[in-house]
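Single-structure report; data block below.
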Amino acid sequence: MKKSTIEFAGDTVGVAYRLDVLRFSGSRSDAPKAYLQAALHANELPGVAALHYLIPRLEAAEAAGRLAGDVTIVPTANPIGAAQYLFHEHAGRFSVSSRVNFNRDFPLPGADGSIPLVALDAPVPAERRMKSLLLDLARGHDIVLDLHCDDEALSYLYVPAPLWPHMSDLAAALGSAGVIVWDETSDAAFEEAALLQIGDMRDGGVDWPSKAVSTVELRGRADVSAELGESDAGGLYRFLVARGVVDDENVALADAAKWSGTSEPIEHVEMMRAPAAGTLLYHVAPGDRVKTGDLLVTIIGAAGETGGAVEVRAPQDGLILTRRVHRVTRLGDDLLKLVGSRRSAAARPGTLDN
Ligand SMILES: [Zn+2]
């Protein structure tokens, strides 16, 4: 393993950021190459815990000559977001400078197919230079996994349509409960930019079954522990063995054909939003199955008063995939994701969350 540290200037005098990159050298040039990063949303750390346990396994494989394909790992992908503390709270999802989500606005190919990456010393804000850097680091890899988490959630994956159901091997290896398949756009998330760097989604010439690109949602923000990190590392390692990046005959591979989670197109996800402001009482938790009309959430606007609370009910049968970690809501804020089996009346192109 070779570690390199890339430094880039911040936007103000005296500020610079450092990004560590770990590179493992595979022994076969024809083996698939894998890129993994974590904490692009800097307050989502289950992926860092998983990489903490995966990296020594890859080092051992490399030392034993069992690493077939190159692996590149960026354990903490967003030093800008990592430094954003406001009033003792960590704000790692949006740039406080631009208010742009750190996982949106990645450079996508232009009309001529070229990707408008900017150099690390280009005269543009640091977050744009960092996004170009991450995309450039992921270039040339067949497998690109961006490790995130939700607020409170089951383990689930976002997968681009050309890669599904081929990527059920990743869902099986990680024990993912759900897979959300998207096809139009993910609002220039890293996943979309990394995918388009491999090939156009509608390009029949790309060998999609040999590729894997995903935003991996490793449960919720508080699900960071040695036990979960170790088991997620085991899942990632199993997947890398299954794909031929690592040779390890001592690993029992997950049977992708037996994966029994819920996979639905993104249009089938009900992104429930708050019809009123107030205190949240959740009646469901991730993993619950609900029927149309079931009570999901009560929002208390005027405590104890007749008519002082609003009920939010399930618009269709489905699986509760996520809910918010906070217990206060503004009007219009996201409350939970319910994965149904038919198109949501509120479905729109792009990502589910802000
Ligand atoms: Zn995230």
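The values are calculated or read from the model by the stated rules, or taken from the named source; none is laboratory data. In this text the structure is predicted, and so the values were computed from the model without any measurement. Neighbour counts run over all protein chains shown; Cβ positions are idealised from the backbone, glycine included. Keep in mind that these areas ignore ligands, DNA and RNA; they rest on the heavy atoms of the full protein, side chains included. Shrake-Rupley method; radii C 1.70, N 1.55, O 1.52, S 1.80 Å.
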In the stretch 58-109, if the dipole is taken from +1 on Lys/Arg beta carbons and -1 on Asp/Glu beta carbons about the Cα centre, which of Thr72, His90, Ala61 is farthest to the positive end? His90
For Lys2, list the lysines whose Cα falls under 20 Å from its own Cα; do not include residues on the same chain fewer than 8 positions away. Lys33
Rounded to the nearest 500, what is the 222 nm mean residue ellipticity of the chain from helices alone, with -39500 (n - 2.57) per DSSP H run of 4+ residues and division by all residues? -6000 deg cm²/dmol
The alpha-carbon center of the stretch 59-109 and that of the stretch 164-190 are separated, in whole Å, by 19 Å
Give me the dipole magnitude in Debye, nearest 20, for the chain about the Cα centre, with unit charges on the beta carbon: positive for Lys and Arg, negative for Asp and Glu. 300 debye
Can you list, largest first and rounded to whole Å, the semi-axes you get for the stretch 5-131 by taking the square root of 5 times each eigenvalue of its Cα gyration tensor? 29, 20, 13
Heavy-atom accessible area per residue - the chain, 1.4 Å, Å²: 44 Å²
Hey, what's the per residue convex hull volume over the C-alpha atoms of the stretch 228-354, in cubic angstrom? 145 Å³
Which of Arg323, Arg238, Arg273 moves the most in a Gaussian network model of the chain with Cα springs under 10 Å? Arg273
Gained length - Val310 relative to Arg139, 0.36 nm times residue gap less alpha-carbon distance: 56.7 nm
Roughly speaking, to the nearest percent, how much of the chain's 1.4 Å accessible area is carbon and sulfur? 51 percent
Give, in nm to one decimal, the length gained when the segment between Arg343 and Ala91 is fully stretched (0.36 nm per residue of separation minus the Cα-Cα distance). 87.4 nm
Value of Rg/Rh across the stretch 304-344 [Cα atoms, Kirkwood radius]: 1.03
With R₀ set to 51 angstrom, the calculated FRET efficiency between the beta-carbons of Ala9 and Ala257, to the nearest 0.05, is 0.55
How big is the stretch 152-284 in terms of Cα radius of gyration and Dmax, in angstroms? 16.6, 55
What translational diffusion coefficient, in µm²/s and rounded to a whole number, does the Stokes-Einstein relation yield for the chain at 4 °C and a viscosity of 1.567 mPa s, taking the hydrodynamic radius as the Kirkwood radius over Cα pairs? 61 µm²/s
Under 18 Å Cα-Cα from Lys291, which lysines qualify once same-chain neighbours fewer than 8 residues away are excluded? Lys337
Under 8 Å for C-alpha pairs, at least 6 residues apart: give me the relative contact order for the chain, rounded to a whole percent. 18 percent
So how do 328-334, 109-115 stack up, highest first, on mean other-Cβ count within 10 Å? 328-334, 109-115
